[in-house]
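Q: Starting off with a structure, shown below.
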Amino acid sequence: MRQKKVKKLTPIRKSKYLSMYEMKYESKDKSEKTWMLATRKSEEELNDMYFGDGNDRDDAVVMVPYHIEEDKLVIIREYRVPLDDYVYSLPAGLIDPGEDIEVCAKRELKEETGLDLVEINKMDSGFGLYPSPGMTDESFSLLYCTCKGEPSNKYLEPTEEIQTLLVDRQQAVEILKSKANMDVKAFLALQIFISVGKDNEN
């Protein structure tokens, strides 16, 4: 159950995909403190969540795709503006209001990689998976899935810069050794992928 400590929300800047709010909340010593929030939710959703009976919802879907024809893990390398650099990551995308998670996953996997989703093996959804809860309330559903097809960039948005990589376990080891920029979710997926391969060899 949510602990209601937030007393006031003040919008600082609103945009289509991300907005900033100043939050007033009560700390454990009963004094009023200030925090900043980056959110993808509307002001109506936030007010319902903090001051009403509304529940949090997943903003995005993140996929851990396994290419069944190539026997390889699918990751991407994407330009991210806050880093002004490229970063290894996993295919992901925002869930439209009222959209089914599986529908979103199929759309985003195709758009970012050109690959077709075959089957969802496991879906962690509604658990409150937060990548950076000190800064944002953004949460995501995590899908483990299989896919097929040829990687392609022809479905990308004009502003997206994404390279699709199909990696075997040795390549996964080399990527981790490179200490390149990496989203933590991709870091963990690569580690698990390598570990599963070792377990199968024993």
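The values are calculated or read from the model by the stated rules, or taken from the named source; none is laboratory data. These numbers were taken from a predicted model, which means no experiment stands behind them. Every residue, glycine among them, receives a Cβ derived from its backbone with ideal geometry; neighbour counts consider all protein chains shown.
Q: Quick one: which strands (runs of 3 or more DSSP E) sit completely within the stretch 5-110 and have at least 2 residues that are in contact with a strand residue (DSSP E or B) (Cβ under 7 Å, 6 or more places away or on another chain), among the β-branched types (Val, Ile, Thr) and under 29 Å from ASN153 (Cα atoms)?
A: Because the criterion is at least 2 residues that are in contact with a strand residue (DSSP E or B) (Cβ under 7 Å, 6 or more places away or on another chain), among the β-branched types (Val, Ile, Thr) and under 29 Å from ASN153 (Cα atoms), the strands (runs of 3 or more DSSP E) in the stretch 5-110 that meet it are 60-67, 72-80.
Q: Applying the selection to the stretch 142-178, what residues are among the hydroxyl-bearing types (Ser, Thr, Tyr) and at pLDDT 95 or above?
A: TYR144, THR146, SER152, TYR155, THR164, SER178 - these are the residues of the stretch 142-178 that are among the hydroxyl-bearing types (Ser, Thr, Tyr) and at pLDDT 95 or above.
Q: Restricting attention to the stretch 145-184, and to residues there that are in a strand (DSSP E or B) and among the β-branched types (Val, Ile, Thr), which single residue is farthest from LYS110 (Cα to Cα)?
A: If we take residues in the stretch 145-184 being in a strand (DSSP E or B) and among the β-branched types (Val, Ile, Thr), then VAL167 is farthest from LYS110 (Cα to Cα).
Q: Quick check on my filter: what residues within the stretch 117-143 are under 15 Å from ALA92 (Cβ atoms) and free of Cβ contacts under 8 Å to residues at least 12 places away in the same chain?
A: Answer for the stretch 117-143, where residues must be under 15 Å from ALA92 (Cβ atoms) and free of Cβ contacts under 8 Å to residues at least 12 places away in the same chain: TYR130, SER132.
Q: Find the residue count for the stretch 55-85, including only residues that are surrounded by fewer than 15 Cβ atoms within 10 Å (Cβ to Cβ), among the hydroxyl-bearing types (Ser, Thr, Tyr) and under 15 Å from GLU119 (Cα atoms).
A: Final tally of qualifying residues: 0.
Q: So is GLU138 assigned to a loop (DSSP other than H, G, I, E, B), in contact with a helix residue (DSSP H, G or I) (Cβ under 9 Å, 6 or more places away or on another chain) and in the same structural domain as TYR86 (by TED's automatic domain parsing) or not?
A: Taking the combined requirement at face value, the residue does not satisfy it.
Q: Might you check whether a residue that is surrounded by fewer than 15 Cβ atoms within 10 Å (Cβ to Cβ) and touching a residue at least 12 places away in the same chain (Cβ under 8 Å) occurs anywhere in the stretch 86-95?
A: Within the stretch 86-95, the subset surrounded by fewer than 15 Cβ atoms within 10 Å (Cβ to Cβ) is none.
Within the stretch 86-95, none of the residues are surrounded by fewer than 15 Cβ atoms within 10 Å (Cβ to Cβ) and touching a residue at least 12 places away in the same chain (Cβ under 8 Å).
Q: Still on this structure: For residues that are of a type in the set (Gly, Ala, Ser) and under 16 Å from ILE76 (Cα atoms), scanning just the stretch 101-149, find the one that is surrounded by the most Cβ atoms within 10 Å (Cβ to Cβ).
A: Step by step, filter the stretch 101-149, then rank; the result is ALA105.
Q: Restricted to the stretch 8-51, and to residues that are of a type in the set (Gly, Ala, Ser) and either surrounded by 12 or more Cβ atoms within 10 Å (Cβ to Cβ) or touching a residue at least 40 places away in the same chain (Cβ under 8 Å) (or both), which residue is nearest to THR136 (Cα to Cα)?
A: Here the residue is ALA38.
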